[in-house]
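Only one structure is covered here, and it is reproduced in the block below.
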Ligand code: ARG
(Lines give C-alpha, C1' and ligand atoms only; values in the text may rest on other atoms or scores of the structure.)
Protein backbone atom coordinates (compact mmCIF):
# COMPACT_ATOMS: atom_id res chain seq x y z
CA UNK A 1 0.00 0.00 0.00
CA UNK A 2 2.81 2.37 1.02
CA UNK A 3 4.62 1.47 -2.15
CA UNK A 4 1.70 2.43 -4.35
CA UNK A 5 1.34 5.74 -2.54
CA UNK A 6 5.03 6.42 -3.12
CA UNK A 7 4.73 5.58 -6.81
CA UNK A 8 1.66 7.75 -7.15
CA UNK A 9 3.49 10.58 -5.44
CA UNK A 10 6.47 10.20 -7.76
CA UNK A 11 4.16 10.14 -10.77
CA UNK A 12 2.38 13.33 -9.66
CA UNK A 13 5.77 14.94 -9.17
CA UNK A 14 6.79 13.99 -12.75
CA UNK A 15 3.57 15.33 -14.22
CA UNK A 16 3.63 18.62 -12.33
CA UNK A 17 7.28 19.21 -13.10
CA UNK A 18 6.79 18.31 -16.78
CA UNK A 19 4.08 20.95 -16.90
CA UNK A 20 6.59 23.61 -15.89
CA UNK A 21 7.89 24.06 -19.41
CA UNK A 22 10.69 22.66 -21.55
CA UNK A 23 13.69 24.95 -20.95
CA UNK A 24 15.32 22.79 -18.28
CA UNK A 25 13.55 19.54 -18.88
CA UNK A 26 16.67 17.41 -18.68
CA UNK A 27 17.63 18.55 -15.19
CA UNK A 28 14.02 18.32 -14.04
CA UNK A 29 13.86 14.74 -15.25
CA UNK A 30 17.08 13.93 -13.38
CA UNK A 31 15.84 15.47 -10.14
CA UNK A 32 12.58 13.67 -10.44
CA UNK A 33 14.34 10.39 -10.91
CA UNK A 34 16.46 10.94 -7.81
CA UNK A 35 13.39 11.85 -5.80
CA UNK A 36 11.47 8.86 -7.02
CA UNK A 37 14.26 6.42 -6.28
CA UNK A 38 14.82 7.95 -2.83
CA UNK A 39 11.14 7.45 -2.10
CA UNK A 40 11.29 3.89 -3.39
CA UNK A 41 14.32 3.15 -1.19
CA UNK A 42 12.60 4.45 1.93
CA UNK A 43 9.58 2.37 1.13
CA UNK A 44 11.71 -0.73 0.78
CA UNK A 45 13.38 -0.06 4.14
CA UNK A 46 9.91 0.08 5.68
CA UNK A 47 8.97 -3.18 4.01
CA UNK A 48 12.20 -4.68 5.36
CA UNK A 49 11.17 -3.85 8.94
CA UNK A 50 7.81 -5.49 8.39
CA UNK A 51 9.48 -8.59 6.97
CA UNK A 52 11.78 -8.67 10.00
CA UNK A 53 8.79 -8.46 12.35
CA UNK A 54 7.08 -11.27 10.49
CA UNK A 55 10.19 -13.38 11.04
CA UNK A 56 10.36 -12.66 14.78
CA UNK A 57 8.85 -15.37 16.91
CA UNK A 58 7.05 -14.28 20.09
CA UNK A 59 4.77 -16.16 22.48
CA UNK A 60 1.72 -14.30 21.05
CA UNK A 61 2.17 -13.77 17.31
CA UNK A 62 2.56 -10.11 16.34
CA UNK A 63 2.90 -9.02 19.98
CA UNK A 64 5.71 -8.55 22.43
CA UNK A 65 4.36 -9.72 25.79
CA UNK A 66 6.23 -8.37 28.79
CA UNK A 67 5.71 -9.11 32.49
CA UNK A 68 6.25 -6.30 34.98
CA UNK A 69 5.66 -5.21 38.56
CA UNK A 70 4.28 -1.68 38.27
CA UNK A 71 5.15 -0.61 41.82
CA UNK A 72 8.45 0.83 40.73
CA UNK A 73 8.30 4.50 39.74
CA UNK A 74 9.75 6.09 37.69
CA UNK A 75 10.42 2.82 35.79
CA UNK A 76 6.86 1.48 35.96
CA UNK A 77 3.78 2.44 37.89
CA UNK A 78 0.05 2.64 37.16
CA UNK A 79 -1.92 5.80 36.44
CA UNK A 80 -5.46 6.49 37.66
CA UNK A 81 -6.95 4.49 34.80
CA UNK A 82 -4.80 1.48 35.69
CA UNK A 83 -2.52 1.83 32.66
CA UNK A 84 1.15 0.98 33.20
CA UNK A 85 3.31 4.07 32.64
CA UNK A 86 6.95 5.06 33.12
CA UNK A 87 10.41 4.79 31.61
CA UNK A 88 10.20 1.12 30.65
CA UNK A 89 6.70 1.09 29.06
CA UNK A 90 7.68 4.16 27.05
CA UNK A 91 10.96 2.56 25.98
CA UNK A 92 9.28 -0.74 25.09
CA UNK A 93 6.59 1.05 23.09
CA UNK A 94 9.27 2.67 20.91
CA UNK A 95 11.16 -0.61 20.56
CA UNK A 96 7.94 -2.39 19.55
CA UNK A 97 7.25 0.29 16.92
CA UNK A 98 10.67 -0.36 15.41
CA UNK A 99 10.05 -4.11 15.46
CA UNK A 100 6.52 -3.88 14.07
CA UNK A 101 5.12 -5.64 17.16
CA UNK A 102 2.26 -4.65 19.42
CA UNK A 103 3.23 -4.16 23.08
CA UNK A 104 1.30 -6.29 25.57
CA UNK A 105 1.98 -5.49 29.26
CA UNK A 106 1.08 -8.09 31.90
CA UNK A 107 1.17 -6.61 35.42
CA UNK A 108 1.91 -8.76 38.50
CA UNK A 109 4.25 -8.78 41.50
CA UNK A 110 8.01 -8.83 40.83
CA UNK A 111 8.69 -12.43 41.73
CA UNK A 112 5.85 -13.56 39.41
CA UNK A 113 7.08 -11.25 36.63
CA UNK A 114 10.51 -12.92 36.80
CA UNK A 115 8.91 -16.34 36.81
CA UNK A 116 6.59 -15.55 33.87
CA UNK A 117 9.56 -14.82 31.59
CA UNK A 118 11.53 -17.80 32.85
CA UNK A 119 8.62 -20.13 32.13
CA UNK A 120 7.81 -18.58 28.76
CA UNK A 121 4.50 -17.04 29.81
CA UNK A 122 5.92 -13.68 28.77
CA UNK A 123 8.59 -12.93 26.18
CA UNK A 124 10.53 -10.86 28.69
CA UNK A 125 10.54 -9.49 32.21
CA UNK A 126 10.78 -5.70 31.93
CA UNK A 127 10.70 -4.54 35.51
CA UNK A 128 13.84 -2.66 36.51
CA UNK A 129 15.63 -6.00 36.42
CA UNK A 130 19.27 -6.05 37.51
CA UNK A 131 21.57 -8.29 35.51
CA UNK A 132 23.24 -10.80 37.85
CA UNK A 133 25.45 -13.80 37.09
CA UNK A 134 22.86 -16.10 38.63
CA UNK A 135 19.97 -14.65 36.61
CA UNK A 136 21.98 -15.08 33.40
CA UNK A 137 21.37 -18.80 33.70
CA UNK A 138 17.58 -18.20 33.65
CA UNK A 139 17.27 -15.34 31.09
CA UNK A 140 18.89 -13.99 27.95
CA UNK A 141 19.54 -10.38 28.89
CA UNK A 142 19.58 -7.50 26.44
CA UNK A 143 22.25 -4.82 26.65
CA UNK A 144 21.82 -2.72 29.75
CA UNK A 145 20.40 0.78 29.62
CA UNK A 146 20.93 2.37 33.03
CA UNK A 147 22.67 1.89 36.39
CA UNK A 148 21.47 2.15 40.01
CA UNK A 149 22.77 1.25 43.49
CA UNK A 150 21.01 -0.03 46.59
CA UNK A 151 19.91 2.56 49.14
CA UNK A 152 18.55 2.39 52.69
CA UNK A 153 15.19 4.10 53.33
CA UNK A 154 14.19 4.76 56.95
CA UNK A 155 12.26 7.22 59.12
CA UNK A 156 13.88 10.64 59.35
CA UNK A 157 16.49 10.76 62.12
CA UNK A 158 16.61 6.96 62.54
CA UNK A 159 20.39 6.96 62.33
CA UNK A 160 20.35 3.72 60.30
CA UNK A 161 23.40 3.36 58.03
CA UNK A 162 25.25 0.57 56.23
CA UNK A 163 27.47 0.19 59.34
CA UNK A 164 24.66 -0.59 61.79
CA UNK A 165 22.13 -2.08 59.31
CA UNK A 166 22.40 -5.54 60.93
CA UNK A 167 20.89 -4.19 64.18
CA UNK A 168 17.57 -3.42 62.49
CA UNK A 169 14.65 -5.16 60.81
CA UNK A 170 15.00 -4.74 57.05
CA UNK A 171 12.05 -4.80 54.64
CA UNK A 172 12.53 -5.78 50.99
CA UNK A 173 10.50 -6.74 47.93
CA UNK A 174 10.56 -10.50 47.42
CA UNK A 175 12.98 -11.71 44.76
CA UNK A 176 14.83 -8.40 44.31
CA UNK A 177 18.56 -7.88 44.53
CA UNK A 178 17.89 -5.92 47.75
CA UNK A 179 16.30 -9.12 49.11
CA UNK A 180 19.12 -11.38 47.89
CA UNK A 181 21.96 -9.18 49.23
CA UNK A 182 20.48 -8.39 52.64
CA UNK A 183 19.43 -11.98 53.25
CA UNK A 184 22.99 -13.08 52.53
CA UNK A 185 24.36 -10.52 54.99
CA UNK A 186 21.70 -10.32 57.69
CA UNK A 187 19.59 -13.48 57.33
CA UNK A 188 16.51 -13.48 59.54
CA UNK A 189 16.58 -9.70 60.10
CA UNK A 190 15.01 -9.48 56.65
CA UNK A 191 11.25 -9.46 55.95
CA UNK A 192 10.08 -9.88 52.34
CA UNK A 193 6.85 -8.47 50.86
CA UNK A 194 5.34 -8.95 47.41
CA UNK A 195 5.00 -5.28 46.45
CA UNK A 196 6.64 -2.00 47.38
CA UNK A 197 3.32 -0.57 48.52
CA UNK A 198 3.29 -3.30 51.20
CA UNK A 199 6.95 -2.65 52.09
CA UNK A 200 6.31 1.09 52.55
CA UNK A 201 3.13 0.43 54.49
CA UNK A 202 5.16 -1.77 56.86
CA UNK A 203 7.79 0.96 57.31
CA UNK A 204 5.20 3.67 57.91
CA UNK A 205 3.43 1.39 60.45
CA UNK A 206 6.69 0.63 62.28
CA UNK A 207 6.64 -3.12 61.46
CA UNK A 208 10.11 -2.79 59.91
CA UNK A 209 12.90 -0.25 60.60
CA UNK A 210 14.15 0.31 57.07
CA UNK A 211 14.02 -0.78 53.43
CA UNK A 212 16.89 -1.75 51.12
CA UNK A 213 16.01 -1.01 47.50
CA UNK A 214 17.15 0.63 44.24
CA UNK A 215 18.07 4.28 44.86
CA UNK A 216 16.28 5.83 41.85
CA UNK A 217 13.01 4.23 42.98
CA UNK A 218 13.60 5.07 46.66
CA UNK A 219 13.84 8.72 45.58
CA UNK A 220 10.43 8.52 43.89
CA UNK A 221 8.83 6.95 46.99
CA UNK A 222 10.37 9.60 49.25
CA UNK A 223 8.65 12.27 47.20
CA UNK A 224 5.24 10.80 48.10
CA UNK A 225 5.99 9.50 51.65
CA UNK A 226 6.75 12.40 54.02
CA UNK A 227 8.99 11.83 57.05
CA UNK A 228 11.35 9.34 55.37
CA UNK A 229 15.00 9.70 54.43
CA UNK A 230 17.45 7.69 52.37
CA UNK A 231 21.15 6.91 52.63
CA UNK A 232 23.66 5.02 50.49
CA UNK A 233 24.91 1.44 50.83
CA UNK A 234 28.24 -0.10 49.85
CA UNK A 235 26.63 -2.68 47.54
CA UNK A 236 27.97 -2.81 43.98
CA UNK A 237 26.29 -0.69 41.26
CA UNK A 238 23.69 -2.66 39.26
CA UNK A 239 22.82 -2.59 35.56
CA UNK A 240 19.21 -2.76 34.34
CA UNK A 241 18.33 -4.79 31.25
CA UNK A 242 15.36 -6.74 29.86
CA UNK A 243 15.37 -10.45 30.69
CA UNK A 244 14.12 -12.56 27.78
CA UNK A 245 12.86 -16.11 27.92
CA UNK A 246 15.86 -18.21 26.97
CA UNK A 247 16.44 -19.41 23.42
CA UNK A 248 15.20 -16.63 21.12
CA UNK A 249 18.43 -14.92 20.00
CA UNK A 250 16.76 -13.27 16.95
CA UNK A 251 14.29 -11.45 19.18
CA UNK A 252 16.98 -10.35 21.65
CA UNK A 253 19.14 -9.12 18.77
CA UNK A 254 16.25 -7.16 17.25
CA UNK A 255 15.54 -5.52 20.63
CA UNK A 256 19.25 -4.76 21.11
CA UNK A 257 19.42 -3.15 17.65
CA UNK A 258 16.37 -1.00 18.42
CA UNK A 259 17.77 -0.09 21.84
CA UNK A 260 21.09 0.89 20.26
CA UNK A 261 19.25 3.26 17.90
CA UNK A 262 17.39 4.84 20.83
CA UNK A 263 20.70 5.28 22.66
CA UNK A 264 22.47 6.73 19.62
CA UNK A 265 19.82 9.31 18.74
CA UNK A 266 19.43 10.56 22.33
CA UNK A 267 15.89 9.23 22.82
CA UNK A 268 16.81 6.98 25.74
CA UNK A 269 18.56 9.80 27.60
CA UNK A 270 15.66 12.18 27.10
CA UNK A 271 13.18 9.59 28.44
CA UNK A 272 15.41 8.97 31.50
CA UNK A 273 15.78 12.74 32.07
CA UNK A 274 12.05 13.34 31.70
CA UNK A 275 11.06 10.81 34.40
CA UNK A 276 14.05 11.26 36.74
CA UNK A 277 13.56 15.01 37.06
CA UNK A 278 9.90 14.67 38.00
N1 LIG B 1 16.61 -4.05 40.42
C2 LIG B 1 16.10 -4.92 41.40
C3 LIG B 1 16.16 -6.35 40.93
O4 LIG B 1 16.34 -6.63 39.80
C5 LIG B 1 14.67 -4.59 41.82
C6 LIG B 1 13.65 -4.62 40.73
C7 LIG B 1 12.24 -4.51 41.25
N8 LIG B 1 11.35 -4.19 40.18
C9 LIG B 1 10.04 -3.89 40.32
N10 LIG B 1 9.38 -3.51 39.24
N11 LIG B 1 9.46 -3.94 41.47
O12 LIG B 1 16.04 -7.27 41.69
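Assorted remarks:
- Qualifying residue in the range 205-216 (condition: part of a helix (DSSP H, G or I) and either within 11 Å of the ligand (Cβ to nearest atom) or more than 25 Å from the chain's Cα centre (by Cα) (or both)): yes
- Leading residue by the ranking (nearest to residue 154 (Cα to Cα)) among those in the range 170-196 that are near the ligand (Cβ under 10 Å from one of its atoms) and part of a strand (DSSP E or B): 172
- Sub-9 Å Cβ pairs linking a first residue in the range 116-132 that is touching a residue at least 60 places away in the same chain (Cβ under 8 Å) and farther than 15 Å from residue 88 by Cβ to a second residue that is within 13 Å of the ligand (Cβ to nearest atom) and assigned to a loop (DSSP other than H, G, I, E, B), at least 6 apart or interchain, are 118/138, ordered by first then second residue.
- Any hit, the range 179-189, residues being out of contact with any strand residue (DSSP E or B) (no Cβ under 7 Å at 6 or more places or on another chain) and surrounded by 17 or more Cβ atoms within 10 Å (Cβ to Cβ): no
- Candidate set: the range 90-112, residues that are away from the ligand (no atom under 14 Å from the Cβ) and not in a helix (DSSP H, G or I); chosen: the one farthest from residue 135 (Cα to Cα): 100
- Against the numbered list (1) assigned to a loop (DSSP other than H, G, I, E, B); (2) away from the ligand (no atom under 14 Å from the Cβ); (3) touching a residue at least 40 places away in the same chain (Cβ under 8 Å), residue 140 comes up short only at (1).
- Scope the range 224-248; condition more than 15 Å from the ligand (Cβ to nearest atom), surrounded by 11 or more Cβ atoms within 10 Å (Cβ to Cβ) and either free of Cβ contacts under 8 Å to residues at least 24 places away in the same chain or not in a strand (DSSP E or B) (or both); matching residues: 225, 246, 248
- Output for the range 113-133, where each listed residue is away from the ligand (no atom under 11 Å from the Cβ) and in a helix (DSSP H, G or I): 115, 116, 117, 118, 133
- Filter pass, residue 161 being surrounded by fewer than 21 Cβ atoms within 10 Å (Cβ to Cβ), part of a loop (DSSP other than H, G, I, E, B) and touching a strand residue (DSSP E or B) at 6+ places or on another chain (Cβ under 9 Å): yes
- Residue selected from the range 57-76 under the condition assigned to a strand (DSSP E or B) and buried (at least 20 other Cβ atoms within 10 Å of the Cβ), by the criterion nearest to the ligand (Cβ to nearest atom): 72
- Verdict on residue 153 being part of a strand (DSSP E or B), crowded, with 22+ Cβ neighbours inside 10 Å, within 13 Å of the ligand (Cβ to nearest atom) and at pLDDT 95 or above: no
The values are calculated or read from the model by the stated rules, or taken from the named source; none is laboratory data. All values derive from a computational prediction rather than experimental measurement. No Cβ is skipped: glycine too gets one built from the backbone with ideal geometry, and neighbour counts run over all protein chains shown.
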